[in-house]
Amino acid sequence: MPERFRKLLLTMGGRASFIRLLVVAVGIVVVFGILNPTVFLSGQNLQYVELASPEVAILSLAMALTMLTAGIDLSVVSIANLSGVVAALIMTNGHQSPGLAMLAGIGVALACGAVNGLLVGYKHVPPILATLATGQLFSGLALVASSGTVVKGLPESFTRIALLTVAGVPLIFWVMLIVAVIIGVVVAKTPLGFRMRLVGANPTAADFSGIRRARVLLATYVMSGALGGVAGLIISARAGGANSDYGSSYVLLAVVIAVLAGVDPEGGYLTVAGVVIAAIAMQLLGAGLLSLSVSSHVVNICQGLLLVTMVLLNTWGTALSGLLPRRRVTA
């Protein structure tokens, strides 16, 4: 294998799980491309996948970041909704520019992430309990702020963000790729990323090495909150409004995608490219089944089966590879 390609795989998460996921994604395209090429391979269907993937992928990256530190963020969708509601209210009631409203939405998301980080890092509340509680809090705040209705009437300069294309690809898809590259660089190339991995893999060793675990966790959950805010703005632009309970199923889906990508729930390992590919693969699977006029309930079943299959492959793959005879290299 060329050295440059090997380094690229290592940066993206060059485990066997990543290769299996890539094969599954290609397999989905091939199978549905044969079963229903007219619909599945149409430009309209592919554009739907490009439009639907960014919000799911960014939320999954937020979830994967916290899982990297052996945590979880069950509030990420609530943060996204609150961010979207705040930005929408500023644009409609406050009549402010979309740019200022988006900055306010991201600011709210950062604050929400900081609350999670303080609870998990400094108050030592278990992440699942802390983010479950704050998720309810943030959802309640979004519900009160929006008066329990969808905030509509967003300016066209904001909603058309979801319709703009660059080189034939939706702008929000490019945003997703840029976000993924930034997260990949942070995790793989920065001291913070190293500390996040060490805190997740071996917190005791992190403590003995002088790493301030509380600060690392605070930074992690702030980043997760920021990603939730970005996803919330994308959701609002696509939907043409903001809602306090949009995407309630996205929390479970984000966990599924992170696990599907091979992210270790016990911490220490994250493949950014794997998360993005897993998110796109899930959207391709759903679009492929819907192109065959399959019920949405069957789509959920098939997505669950895909997850179980990948988990079993990732669990048994290493053990099976150890049983296979290795070819002896002679001079």
Does segment 191-208 contain any residue that is touching a Gly at 6+ places or on another chain (Cβ under 8 Å), within 27 Å of Ser42 (Cβ to Cβ), open to solvent by less than 30 Å² (accessible area, probe 1.4 Å) and among the aliphatic types (A, V, I, L, M)? no
With the condition kept exactly as written, say whether any residue in segment 214-222 is within 19 Å of Ala273 (Cα to Cα), of a type outside the set (A, V, I, L, M), part of a helix (DSSP H, G or I) and in contact with a helix residue (DSSP H, G or I) (Cβ under 9 Å, 6 or more places away or on another chain). yes
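Could you please let me know if Gly140 is part of a helix (DSSP H, G or I) and surrounded by 18 or more Cβ atoms within 10 Å (Cβ to Cβ)?
no
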Would you check if there is a residue in segment 174-182 being under 23 Å from Leu270 (Cβ atoms), outside any loop (DSSP other than H, G, I, E, B) and in contact with an Asp or Glu (Cβ under 9 Å, 6 or more places away or on another chain)? yes
Of the numbered conditions (1) closer than 24 Å to Ser248 by Cβ; (2) part of a helix (DSSP H, G or I); (3) of a type outside the set (S, T, N, Q), Leu118 satisfies every one except a single condition; which is it? (1)
Applying the selection to segment 93-113, what residues are outside any loop (DSSP other than H, G, I, E, B), among the small types (Gly, Ala, Ser) and either farther than 22 Å from Ser78 by Cα or more than 22 Å from the chain's Cα centre (by Cα) (or both)? Gly99, Ala101
Out of Phe173, Phe158, Phe138, which single residue is under 21 Å from Ala80 (Cα atoms), in contact with a Cys (Cβ under 8 Å, 6 or more places away or on another chain) and not aliphatic (A, V, I, L, M)? Phe138
Qualifying positions in segment 84-101 - closer than 13 Å to Thr159 by Cα and open to solvent by 20 Å² or more (accessible area, probe 1.4 Å): Thr92, Ser97, Pro98, Gly99
Any chance segment 243-260 includes a residue that's surrounded by fewer than 24 Cβ atoms within 10 Å (Cβ to Cβ), in a helix (DSSP H, G or I), of a type in the set (Val, Ile, Thr) and more than 15 Å from the chain's Cα centre (by Cα)? no
Looking at segment 228-242, which of its residues are crowded, with 24+ Cβ neighbours inside 10 Å, in a helix (DSSP H, G or I), of a type in the set (Gly, Ala, Ser) and more than 10 Å from the chain's Cα centre (by Cα)? Gly229, Gly232, Ser236, Ala237
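The values are calculated or read from the model by the stated rules, or taken from the named source; none is laboratory data. Computed from a predicted model, the values in this text were never measured in an experiment. In this analysis, Cβ positions are derived from the backbone assuming ideal geometry, glycine residues included, and neighbour counts consider all displayed protein chains. Keep in mind that these areas ignore ligands, DNA and RNA; they rest on the heavy atoms of the full protein, side chains included. Shrake-Rupley method; radii C 1.70, N 1.55, O 1.52, S 1.80 Å.
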